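The block underneath contains the structure these notes are about, expressed in structure tokens.
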Protein chains: 2
Amino acid sequence: MGIPIAELGKARIVRGRRERKREKVKDFINWFNKVIMDAELYEYRYPVKGAYIWRPYGLRVRRMVEEEIRRLHDESGHGEVLFPVFIPLEYFSKESEHIRGFEEEVFWVSKGGKDPERLILRPTSETAMMPMFKLWIKDHTDLPLKVYQIASVFRAETKSTHPMIRLREISMFKEAHTAHADREDAERTVREAIEIYKKIYDYLSIPYLISRRPEWDKFAGAVYTIAFDTLMPDGKTIQIGTVHYLGTNFSKVFDVTYLDKDGSAKYVHTTSYGISERVIASMLAIHGDDSGLLLPPNIAPIQVVVIPIPQEGRDVKGAAEKAAEELKAAGIRAIADLRDDKTPGWKFNDWEMRGVPIRAEIGPKDLDKGVITFARRDTGEKYEVSREEAVDFVKELIVDVGDNMRGEAWSNMRRSIYVVDDIKEALNKLNSGVVVVPWSGDEQCGLKMQESLDANVLGVPVDSDPSEQIGGHRDLACPDKEANYWVRVSRRY
Amino acid sequence: MGIPIAELGKARIVRGRRERKREKVKDFINWFNKVIMDAELYEYRYPVKGAYIWRPYGLRVRRMVEEEIRRLHDESGHGEVLFPVFIPLEYFSKESEHIRGFEEEVFWVSKGGKDPERLILRPTSETAMMPMFKLWIKDHTDLPLKVYQIASVFRAETKSTHPMIRLREISMFKEAHTAHADREDAERTVREAIEIYKKIYDYLSIPYLISRRPEWDKFAGAVYTIAFDTLMPDGKTIQIGTVHYLGTNFSKVFDVTYLDKDGSAKYVHTTSYGISERVIASMLAIHGDDSGLLLPPNIAPIQVVVIPIPQEGRDVKGAAEKAAEELKAAGIRAIADLRDDKTPGWKFNDWEMRGVPIRAEIGPKDLDKGVITFARRDTGEKYEVSREEAVDFVKELIVDVGDNMRGEAWSNMRRSIYVVDDIKEALNKLNSGVVVVPWSGDEQCGLKMQESLDANVLGVPVDSDPSEQIGGHRDLACPDKEANYWVRVSRRY
């Protein structure tokens, strides 16, 4: 990953790579809370548990992420819709597994505390969509039907909440809902959704594990659930996306049928898949360091900050402003920081903390030589580039920084995945990452494994063959049983 | 308004203007409900009162409108934020006028119907913002603070609800909130907000009246409210935007102060201003006709539809596809409708109904002559344009159609505003528009006027001098009092 340095234009390297310090990041919760506030990205002091505020800088990041999510869904034939927040309790309760899975964490709504109309705030929208699918789907020519929305959903969490990670109002929930003529077509869309999500994570330079959730942890009402997890700096995983094949579980209770070519009415097969602001939380967590945030250039609201290094009698400010204008004219999100009441060093630290991936410096020496000095936030390398070549150089650098961040993040995650078949060793490794252990596939043994490891079974890998070289291993929790799969286990958010 | 025809490029006019029929539109509610469903823009069959669905075509329109709203707020120094839907009842109740104005229409939230946490769903966000303003504002350098969000707000309407017009979930509420050092600066922002809103309505070719709402109809908690109304095809007005100067009413109860240059702590002066999907509802209503919708080109998801007129042996489809590609390459939102199972006539009607402002036709004769025939939806005029000049022609036509729609809408509204000083005449005119009548300014007389006219006082004009030529007139409802203002009165949504 990453363009070899020699190929980054005709840039002269004036400072080599520096190791990024990531000590503070390991005290993850404290680091995270501090940095999202310091960067004025997010506000967690709102007086309602589990409800927080996106501030302008954070919302600009979020809008960039949403834009890419929309683009990928639109180009693959999903129509964007917006459904109401309210769902009648009567509809929500129709699918028995679904209501059982959610009833503990549903908010009810009433007018002024009286006259309960039996409305809930959606925790997810399957039961809002299905009555409409019933109206919109007549025959096979209406299928597949693929819609998505980006909106708030609500979960009355009893566990402790956490900014951007565990919320009672998930305000950036992208949920897609689709209906199909048969299982085959529905599962084609399950695979398509997985590919869309991989593209989203790649865009944000986030590494991921794809696992099929065990039966006891699948979405309430699903036939099966495929989930994406990534690894946080403290060794816990976080679920950052799920794709559900729902079979005819929902279409049967809502009586959603279509007229097939042969004239018979058949139940549609449905899927749903979701992603939320957790993708932003994990992006911040994975790339950050002791100096603060590091935003992937794809979604950085400011990709390049140009900082003049003043000297009496030299117009470095004019040159910085001109450089920023030229970058902007080329479609690069650049600003010049021309503040007089801050020193260059203060500005360097401030923009580093806010995660701007590329810094440009223009001082008297740069003026003399007709160059701009660029410093990349990910490796610390500095380059001297002639002014004429600056725009092309930055365009290349933007790609290289994103690639390098992605490569580094994947390496870090891979280093923290441990294949073990011993409980003691598994317990040890769980403090710093994911363990992959042998499992028979038996539910009771899986639950026992969770208990003895004080961790969660993420599921069997979908992105590799879980039965490879399992022969001869015994189930970690039930040694009397032969193992059939490798299964991922972790502590998690 | 509108470029004189002779200047629309070198286009040859092959069909002149046609009068648009607007008979069905006058049966407004039925016309509106039918057309938003037929055009697959909106869905009103959702099983919760006052809660509806934006379908993909409608949401594309809405996103275009939101984009312009964002652009105008961003460029005038507003930061976009996103606050939680939940407000603690305790905070909501702090400002006594505010809670009195809203308490009848507030939704309460509880977990599973029990344990009321005393949370409400925001009907507007002043009381959510203020505690945060208190944290964010330290001294005069933090002022002005200007933020906005586009999000759902909730009103437990007791009146009958109506798709896109009277909602219990207003899902496209743009609310701006600002804090200032003094009244003067706050009122500068009131004027700025009015200019922003004028630009939004102009962009959507919507005419408007700007009035200062009477005391009894101002926003609960405001010092005063400036409101925008427009006229619907049935002669009723609809409020499409409001701007409030809130003085120190909210800052005092939330104790939001700043340290002034002189070292003293002072209360901030605040404003708020809002606009909602009503702006889209009125845009659809004002421009539509008996054939369906007409979308202003600025926000039409499809600005040009290219329709081939088939003839055996001629490649009109290829030519239509190429024309659409060329228009798209020039940044115009164009598609070619190449469906084989629909006739050109069916397509003409269908796209007219969906409001596409410009149609291009390519038949064998057009191929022979090397031209494309363009038909504009607003005037019915048809032009023959050489293929080479088509892109430039369409760019001009897009502007001309928007201007012509704006001009026509303003003329229509102006024709329905009647200056009268007689109750009988006022009652008569109120069936088709707005009356402007003499008023003393006395609240009791204003309320009496509302009652005898069975209509609402919109307020005294802000966009013209309300005291002009009022001399000698008597208050319409209190003939013993001298009139001091002209005041607008209408039936309204």
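Some values worked out for this structure:
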| quantity | calculated |
| --- | --- |
| Pseudo-label separations to other copies for A:D255 - Cα-to-Cβ vector, 7 Å, nm | 5.9 |
| Two-site FRET efficiency, B:D185 against A:K134, from Cβ-Cβ distance with R₀ of 60 Å, rounded to 0.05 | 0.65 |
| Sequence of B:Y208, B:Y197 from largest to smallest accessible area, 1.4 Å probe | B:Y208, B:Y197 |
| Accessible surface of A:R166 - all protein chains present, 1.4 Å probe, nearest 10 Å² | 50 Å² |
| Cα-based helix-to-principal-axis angle, A:278-287 vs chain A, degrees rounded to 10 | 40 degrees |
| Nearest-first distances (nm) between copies at A:E312, label 7 Å from Cα via Cβ | 9.2 |
| Accessible area (Å², per residue) of the protein assembly as shown, counting only protein heavy atoms and a probe of 1.4 Å | 40 Å² |
| Cβ-derived FRET efficiency at R0 56 Å, B:K252 paired with A:K199, nearest 0.05 | 0.65 |
| With all protein chains modelled, accessible area of B:E468 [1.4 Å, Å²] | 100 Å² |
| Net charge over other residues, Cβ less than 13 angstrom from the Cβ of A:I470 (K, R count +1; D, E count -1) | -3 |
| Alpha-carbon centroids, the stretch B:216-252 and the stretch A:155-178: separation in whole Å | 34 Å |
| B:I240 long-range amide H proximity, modeled H, under 5 Å | B:F228, B:D229, B:T230 |
| 3J(HN,Hα) from dihedral phi, the stretch B:441-446, Karplus parametrisation 6.51/-1.76/1.60, rounded to Hz, x for glycine, proline | x, 6, 4, 4, 5, x |
| Above-threshold pairs, the threshold being 29 Å between Cα atoms, out of B:K24/B:K429; A:K49/A:K199; A:K111/B:K174; B:K317/B:K395; A:K26/A:K382 | A:K49/A:K199 |
| Axis-proximal residue, chain A, for the rotation superposing A on B (Cβ, Å) | A:V109, 3 |
| Folded to 0 to 90 degrees: helix B:316-329 orientation relative to chain B principal axis, Cα | 40 degrees |
| Cα-based helix-to-principal-axis angle, B:56-75 vs chain B, degrees rounded to 10 | 60 degrees |
| Chain pair A, B: total accessible area buried, heavy atoms, 1.4 Å probe, Å² | 4400 Å² |
| Share antiparallel - DSSP beta bridges, the stretch B:417-490, percent rounded to 5 | 75 percent |
| Neighbouring partner chain Cβ atoms per residue of A:261-273, average, 10 Å criterion | 0 |
| Shielding score for A:466-475, defined as the mean number of other chain Cβ atoms within 10 Å | 0 |
| Length added when fully stretched, B:K21-B:R474, from 0.36 nm per residue minus Cα-Cα | 159.0 nm |
| Whole-angstrom gap from the stretch B:49-66 to the stretch B:17-46, using each part's C-alpha centre | 16 Å |
| The protein assembly as shown - convex hull of alpha carbons, volume per residue in Å³ | 217 Å³ |
| Dipole axis of chain A (+1 Lys, Arg; -1 Asp, Glu on Cβ), positive-most option in A:I120, A:L41, A:C478 | A:L41 |
| Per-copy distances of the B:E443 label point, shortest first, in nm (7 angstrom along Cα→Cβ) | 6.7 |
| Relative contact order [Cα under 8 Å, 6+ residues apart], the stretch B:417-490, whole percent | 40 percent |
| Amide proton proximity set for A:L246, modelled H, under 5 Å, gap of 5+ | A:V223, A:T270, A:T271, A:S272 |
| Relative contact order of the stretch A:25-287, pairs being alpha-carbon contacts under 8 Å that are 6 or more residues apart, as % | 20 percent |
| Top positive-direction residue, dipole computed over the protein assembly as shown with Cβ charges, set B:I362, A:T343, A:Q311 | A:T343 |
| Percentage relative contact order, chain B, counting C-alpha pairs under 8 Å, at least six apart | 17 percent |
| Residue-averaged 222 nm ellipticity for the protein assembly as shown, from DSSP H runs of 4+ at -39500 (n - 2.57), nearest 500 | -10500 deg cm²/dmol |
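The values are calculated or read from the model by the stated rules, or taken from the named source; none is laboratory data. Computed from a predicted structure; not experimentally measured. Cβ atoms come from the backbone with ideal geometry, glycine included; neighbour counts cover every protein chain shown. With ligands, DNA and RNA removed, areas are computed over all heavy atoms of the protein, side chains included. Shrake-Rupley method; radii C 1.70, N 1.55, O 1.52, S 1.80 Å.
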